[in-house]
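The values are calculated or read from the model by the stated rules, or taken from the named source; none is laboratory data. None of the values given here were measured: they were computed from a predicted structure. Counting neighbours? That spans all protein chains shown, and the Cβs are built from the backbone with ideal geometry, glycine included. Heavy atoms of the whole protein, side chains included, go into the accessibility calculation; ligands, DNA and RNA do not. Shrake-Rupley method; radii C 1.70, N 1.55, O 1.52, S 1.80 Å.
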Amino acid sequence: GQADDTGLLSDDIRQLQLLLQLTLAYCRKYQVTLSAAKTKLLVLSKSSSDLLTYSKLVNPIQIGDTKLEFASNAEHVGVLRSTSGNMPHILQRIISHNNTLGGLLSMGLSRRHRANPLSSLCAETIYASPVLFSGLATLILNKAEIDTISLHVKETVQRLLKLHTNTPDPFAFFLAGVLPGEATLHLKQLTIFGMITRLPDNILNRIAQEMLVCSPQSDKNWFAQIRELCYQYGLPHPLLLLRQPPTFWQQKLRKHAEPL
């Protein structure tokens, strides 16, 4: 099989064109057609520079007779990549989450309905929460972006429980029996890293080891965030987890399966 979405990455516009030519040659060999209309060209940079201006002037990227112009955002494997950061994807997830909850209002989730709040929370956890957190755990989020997610989760819990807007956060989450948005995000990030630790021959495993060994403490890459989470929750260092993947759930599930 072949992935529907393919991404090419380079720090040089001309080298990117060479990668595209190799991809087009592969496509011709295996009777695959790239859609120029669905292909987006993005520049992800911390700040504008002369190199960025030069790249836009000499832009050689084209598929067939169609020249690709620079775009501000593009969706790739379910994540909205934007030149302005992660906030467009976060806002898209929040809108989708609200729409999903709106489809469940007839179950009694509306403020004036008298449904059991526990049922509302269960419905939100099963049907709406996965929509909100889709793709977020793979991004490098800053504090403002995490706070936006956490605030939306808190407001959702308060509305479902019909609590006052000034209800303290610990009481609201304790009463609901759910984790705050930031904690849920951390759990999903650590789950993804756990998958990587169990794939010793995968390219992501090798990249993780290289980044954790070579990158400085101040670096903002995804694996540096995992290192901070391990410090925060008192977990072993990520390098140790890569060498000795945790087996807690494997042992627990085997023990549970033995009498069956």
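Across the range 1-34, the qualifying residues are those that are at pLDDT below 85 and exposed (fewer than 10 other Cβ atoms within 10 Å of the Cβ), and the one among them that is farthest from the chain's Cα centre (by Cα) is Gly1.
From the list Lys188, Lys154, the lone residue that is farther than 20 Å from Thr247 by Cβ and in contact (Cβ under 8 Å) with a residue 40 or more places away in the chain is Lys188. Does at least one position in the range 222-230 carry a residue that is in contact (Cβ under 8 Å) with a residue 40 or more places away in the chain, in contact with a helix residue (DSSP H, G or I) (Cβ under 6 Å, 6 or more places away or on another chain), open to solvent by less than 30 Å² (accessible area, probe 1.4 Å) and of a type in the set (Val, Ile, Thr)? Scanning the range 222-230 turns up no residue that is in contact (Cβ under 8 Å) with a residue 40 or more places away in the chain, in contact with a helix residue (DSSP H, G or I) (Cβ under 6 Å, 6 or more places away or on another chain), open to solvent by less than 30 Å² (accessible area, probe 1.4 Å) and of a type in the set (Val, Ile, Thr).
Would you pick out the residues in the range 136-148 that are in a loop (DSSP other than H, G, I, E, B) and open to solvent by 60 Å² or more (accessible area, probe 1.4 Å)?
Our first condition is that a residue be in a loop (DSSP other than H, G, I, E, B); within the range 136-148, this holds for 139-142.
Matches in the range 136-148: Ile140, Asn142.
Looking only at the range 238-255, residues that are at pLDDT 85 or above and under 14 Å from Pro200 (Cα atoms) come to 8 in all. Report whether or not Ala137 is over 16 Å from the mean Cα position of the chain (by Cα) and of a type in the set (A, V, I, L, M, F, W, C). Answer is no for this residue.
Do we find that Glu145 is touching a helix residue (DSSP H, G or I) at 6+ places or on another chain (Cβ under 7 Å) and charged (D, E, K, R) in this structure?
Yes: the conditions hold for Glu145.
Checking Leu151 against (1) farther than 19 Å from Gln92 by Cα; (2) surrounded by fewer than 16 Cβ atoms within 10 Å (Cβ to Cβ), which single condition isn't satisfied? Unmet condition: (1). Taking the numbered list (1) among the hydrophobic types (A, V, I, L, M, F, W, C); (2) more than 30 Å from Leu141 (Cβ to Cβ); (3) outside any helix (DSSP H, G or I); (4) out of contact with any Ser or Thr (no Cβ under 6 Å at 6 or more places or on another chain) in turn, Leu18 passes all entries but (3).
Got at least one residue in the range 165-188 being exposed (fewer than 12 other Cβ atoms within 10 Å of the Cβ), within 19 Å of Ala128 (Cα to Cα) and at pLDDT below 95? Yes: the range 165-188 contains one or more residues that are exposed (fewer than 12 other Cβ atoms within 10 Å of the Cβ), within 19 Å of Ala128 (Cα to Cα) and at pLDDT below 95. Taken together, Ala176, Ala172, Ala137, Ala115 contain a single residue that is touching a residue at least 40 places away in the same chain (Cβ under 8 Å) and farther than 20 Å from Gly78 by Cα, which is Ala176.
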